[in-house]
Amino acid sequence: MDDQAAGSPQDARSVPVCYRHPDRETGIRCTRCERPICPECMVNASVGFQCPECVRSGSGTGHAPTASLPRTIAGGTVAADPRLITKVLIGVCLAVFLAQLSLGDRFTDRFDLIGRAYVSFPGPLVGVAEGEWYRLLTAMFLHGSYIHIIFNMLSLWWIGGPLEEALGRARYIALYLASGLAGSAFTYLVAAPNQPSLGASGAIFGLFGAMAVLMRRLNYDMRPIVALLVINLIFTFSPGFNIAWQAHVGGLVAGVVIGYAMVHAPRERRTLIQYGTCALMLAVVILTVLLRTAQLT
């Protein structure tokens, strides 16, 4: 008689189920602990497959425990919560918007993106040209209205969440910040120096660009992302919406460039190319700001 107790789940199934996903039947077992694992949980080993828990504890081959961790398509580590950074970014934007509502225009005027102008007269000149470089970053977390922040946060959740899962946390946050700063720098370069600008749209358009590159790399249907991008660009350039198109264009270009490096870099030099591209984009941002500052002053 079988040692398995009568009426147990194993007795009721002809095929074992994955110990991490009980709703999935599988005929594969971890070569170390012999627990059943589904294809999503399988990690290639020198012989057979291992489960994620055994990989984290060390392979027993002399390699570091992280050497065989599951990786995203861009080489990032698969996280337990693949949308954590997106949630944090949304939380920060919402917290800053509450601060704007509580403290009023004085708070917003202190941190929005402006090239060089008098916020109040008489008063000192303020702006990036006056050494307030932090505005390139802080403006990315400010919003001008309820509809502005709602639309941006929904876009961030819809596009950012899946992209974070595909790239991994570190690469995703590097893409987000570099795209946002590129959008801010292009706005500083092209827009009138006394035109204030704010919003996460530059960074989000960077995510749009990277998502398009990723979908192309995976041979997915491009029509949904292209249609969504076209709709956003129509709103961007439509008169009457008072949208800083410069941030959208700058962020989009940066997102496409960085996204291409993220998903197409050869495995043996992947990290160097990915973060090197981000560093190059930041260098372009710095050069742009220096040139515009010299022009304004």
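Residues of the stretch 197-230 that are surrounded by fewer than 21 Cβ atoms within 10 Å (Cβ to Cβ) and over 20 Å from the mean Cα position of the chain (by Cα): N219, D221, R223, A227, V230. When each of V285, V263, V256 is tested for being in the same structural domain as E130 (by TED's automatic domain parsing), under 24 Å from N194 (Cβ atoms) and out of contact with any Asp or Glu (no Cβ under 8 Å at 6 or more places or on another chain), the lone residue that passes is V285.
Which one of G259, G251, G255, G276 is loosely packed, with under 15 Cβ neighbours inside 10 Å, of a type outside the set (A, V, I, L, M, F, W, C) and part of a helix (DSSP H, G or I)?
Details: G259 fails: loosely packed, with under 15 Cβ neighbours inside 10 Å; G251 fails: loosely packed, with under 15 Cβ neighbours inside 10 Å; G255 fails: loosely packed, with under 15 Cβ neighbours inside 10 Å.
Selected residue: G276, the only one of G259, G251, G255, G276 that is loosely packed, with under 15 Cβ neighbours inside 10 Å, of a type outside the set (A, V, I, L, M, F, W, C) and part of a helix (DSSP H, G or I).
The residue that is surrounded by the fewest Cβ atoms within 10 Å (Cβ to Cβ), among those in the stretch 116-137 that are in contact with a Leu (Cβ under 8 Å, 6 or more places away or on another chain) and closer than 19 Å to S179 by Cα, is L137. Scanning the stretch 138-169 for residues that are under 13 Å from the mean Cα position of the chain (by Cα) and surrounded by fewer than 17 Cβ atoms within 10 Å (Cβ to Cβ) turns up W157, W158.
Only one entry in A129, A139, A79 is in contact with a helix residue (DSSP H, G or I) (Cβ under 7 Å, 6 or more places away or on another chain), of a type in the set (A, V, I, L, M, F, W, C) and not assigned by TED's automatic domain parsing to the domain that holds A182, namely A79. All of S179, S184 fail the test of being at pLDDT 95 or above, more than 14 Å from the chain's Cα centre (by Cα) and part of a helix (DSSP H, G or I), apart from S184.
In the stretch 231-248, of all residues being among the aliphatic types (A, V, I, L, M) and either in contact (Cβ under 8 Å) with a residue 12 or more places away in the chain or not assigned by TED's automatic domain parsing to the domain that holds Y172 (or both), the one that is surrounded by the fewest Cβ atoms within 10 Å (Cβ to Cβ) corresponds to L233.
In a residue-by-residue description of the stretch 33-43, the property of being modelled with pLDDT of 85 or more, closer than 30 Å to H148 by Cα and not in a strand (DSSP E or B) applies to no position. Looking at the stretch 52-147, the helices (runs of 4 or more DSSP H) lying wholly inside it that each contain 2 or more residues that are at pLDDT 95 or above and closer than 30 Å to M215 by Cβ sit at 84-103, 135-138.
Please tell me if S179 is crowded, with 24+ Cβ neighbours inside 10 Å and polar (S, T, N, Q). Against the criterion (crowded, with 24+ Cβ neighbours inside 10 Å and polar (S, T, N, Q)), S179 qualifies.
When R171 is tested against the conditions (1) closer than 27 Å to V128 by Cβ; (2) in contact with a Phe, Trp or Tyr (Cβ under 9 Å, 6 or more places away or on another chain), the lone failure is (1).
The values are calculated or read from the model by the stated rules, or taken from the named source; none is laboratory data. Note that the coordinates shown come from a computational prediction; the quantities given were computed from them, not determined experimentally. Cβ atoms come from the backbone with ideal geometry, glycine included; neighbour counts cover every protein chain shown.
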